[in-house]
1. Can you sort A:264, B:161 by 1.4 Å-probe accessible area, starting with the largest?
2. So, taking all protein chains as they sit and a 1.4 Å probe, how much accessible area belongs to residue B:49, in Å² rounded to tens?
3. Give me the percent of the accessible area of the protein assembly as shown that comes from carbon and sulfur atoms, probe 1.4 Å, all protein chains in place.
4. Express in nm, to one decimal, how much length is gained between residue A:136 and residue A:105 on full extension, taking 0.36 nm for each residue of separation and deducting their alpha carbon distance.
5. Quick check on segment A:205-294: take the gyration tensor over C-alpha atoms, sort the square-rooted eigenvalues as a ≥ b ≥ c, and tell me if it's rounded (a/c under 1.5), prolate or oblate.
6. Along Cα→Cβ, 7 Å out, is where each label goes; now give me the distance between the ones at residue A:9 and residue B:174 in nm to one decimal.
7. At 7 Å along Cα-to-Cβ for each site, give me the label-to-label distance between residue A:354 and residue A:341 in nm.
8. Could you order B:143, B:41, A:67 so the one with the most accessible surface comes first? Probe is 1.4 Å.
Amino acid sequence: MATLNELLENFHDIACSPKKQLNAYLEQGKKVVACVPVYTPEELIHSMGLVPMGAWGADIELKESKRYFPAFICSIMQSILELGIRGEYKGISAIVIPSLCDSLKCLGQNWKYAVKDIPFIPMTYPQNRKPESGKEFTKASYERVIRDLEAATGEKFSEASLAKSNEIYNEHNAAMRKLAEVLEQHPSITAVQRRDIFKSAHFMRKEEHTALVSQLIEALSQVEEKESKIKVITTGILADSDGLLKIFDEHGLQIAADDVAHESRQYRTDVNLELESLEGLADKFSRMDHCSVLYDPEKKRAGYIVDLAKKYKAKGVVVLLTKFCDPEEFDYVMVKKACAEAGIPIIQIEVDRQMVNYEQAGTMMEAFIDML
Amino acid sequence: MFTLGVDIGSTTSKAVILKDGQEILATSLIKAGTGTDGPGRAIEAVLAEGNLRPEEIASVYATGYGRKLLKNADGEMSELSCHARGVHHLLPEVRTIIDIGGQDAKVLSLGTDGRMTEFLMNDKCAAGTGRFLDVMAGILQLRIEDLEKQAALSKQIVKISSTCTVFAESEVISQLANGVEIPDLVAGICQSVASRVAALAKRVGVKETVCMSGGVAKNGGVRKAMEQELGLNITYSPMAQLMGALGAALYAYDKS
């Protein structure tokens, strides 16, 4: 049984070395498919014996991608293209890019021209995903992804395999939800370590990650917690940068829970295993909520964040707003208003994949703590 | 008891000595900011003005961009908290502070007890900061302190439409080439800063009384333009640039 520190180091190594993970899977003879944010039907990819690996970009200088994108566009997406052009995804069989925001649509179109050796598979979601027609649309899009995956990899799809993968993903979702609850009880786990655990999930087969997370939960149950920190909720697309997360740790802040797309938003909704497997996957998407890129005329996400803060007795909400992310910017107004009405302090910190200096973010966080 | 607050900004260093947490005994301002000998000189100057020796200071607090670099400080606070504290000490009726410094602008909303309830900072952009004025003064071959006088002579403001400082520089050069009057151009430059920061203020929500702090607040041209942008009077204190250091001295008093 690994110790807590060994497990945390393992998560860190995996989170910080996606290329190593990719090469290890390739050496095992496995085929890998890149999954671009925010939601990709990983279960489909997994069910075909392929390894889905998250492609959420990296904190790098953007050069080549600027040939394809204007300056004022999401840097997560720009850095995905940059990595593709630089050959960092070499060996990957295909990349699935969903159509969940306008910028992602541009990424898909640019990918075809900029990275010709890795096939682009579009995943087109309906705006109205809840009605039966929406579910049928989603299912039809999944069928198109299956056809493209079969063409790109030579692997075959079966409903029975998908049913098994749906189970594995449900188990992983449950493990991640439990992990989030357990971490809330352990303020000694730093924001960077918390990020490592969530980030590593994107670079591992989910059954492997579930096993590691279960070990971590067990190891944490042996820890007598002595530390106490100021609890906050994070919300946004991504909370990845060391420089940003160290601000939380340096100022005694604990991320008690998150509404981050790269983290907990991925694990809120399970597939209904009673349904036929592909139908069940489409049904899952129809039930996903509380996310800036999932159309919701009632914008329940704002209330969700307030409830999250109340549930965990968080002192404030930290909005990590990805620069130039229109969906998140639209939601911010409602989130801010809901927090103000609930008397919950809120701060917005703009982040992007090219930030190297977090001095101003640190100053803002210090001032925010003074306000709490 | 004497406490010292040192505000190490991007372009200037300011220091304030406070007696018993109330009376401003001495102040200093050196035009050299973080990473220079400015902070040391500001401390030397304020001690000399107060006729005090370093050992007579009970507590020292640092604020501003360079706050983490001040050796022998007893503590540090963000410039946002210090500006709020300093302004509330001198102008307790103020509910909105517009602080324009050398390289950023901040808008702070204060509660009746002086506590900061909300704030916004502009970052990553020189437009709407002291740096913008420095660049423009350089092109016009004016001293920064002359901008106010020039703006007052304006008969017809020339609008600067570019958001970006670099593009605005080209725009100003083009206007000069077109033969526009320098006072009209300076008034346009002041209005440009005011309109950008006023937009930031409106995002926070402007509650009266509004005051300006920071180095740019000394420029009457920008203050006047800000009043026009917001449609209200702006309260101003000659201590505007020293509010951060004053706030730090107050925090030092709390902790001593």
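1. On the way: A:264 20, B:161 90 Å².
In descending accessible area the options line up as B:161, A:264.
2. Roughly 110 Å² of residue B:49 is accessible to a 1.4 Å probe.
3. Values: 12890 of 25840 Å².
That fraction is 50 percent.
4. Details: separation 31, 0.36 × 31 = 11.16 nm, distance 2.11 nm.
My answer for the length gained is 9.1 nm.
5. Numbers: a/c = 2.67, a/b = 1.55, b/c = 1.72.
In terms of gyration-tensor shape, oblate.
6. Placing both labels 7 Å along Cα→Cβ, they lie 6.1 nm apart.
7. Label-label distance for residue A:354 and residue A:341, simple model: 3.8 nm.
8. Values: B:143 135, B:41 100, A:67 165 Å².
Sorted descending by solvent-accessible area, the residues read A:67, B:143, B:41.
The values are calculated or read from the model by the stated rules, or taken from the named source; none is laboratory data. Every value quoted in this text rests on a predicted model; they were computed, and no experiment measured them. We place every Cβ from the backbone using ideal geometry, glycine too, and count neighbours over all the protein chains shown. SASA here: full protein model, heavy atoms, side chains in, ligands and nucleic acids out. Shrake-Rupley method; radii C 1.70, N 1.55, O 1.52, S 1.80 Å.
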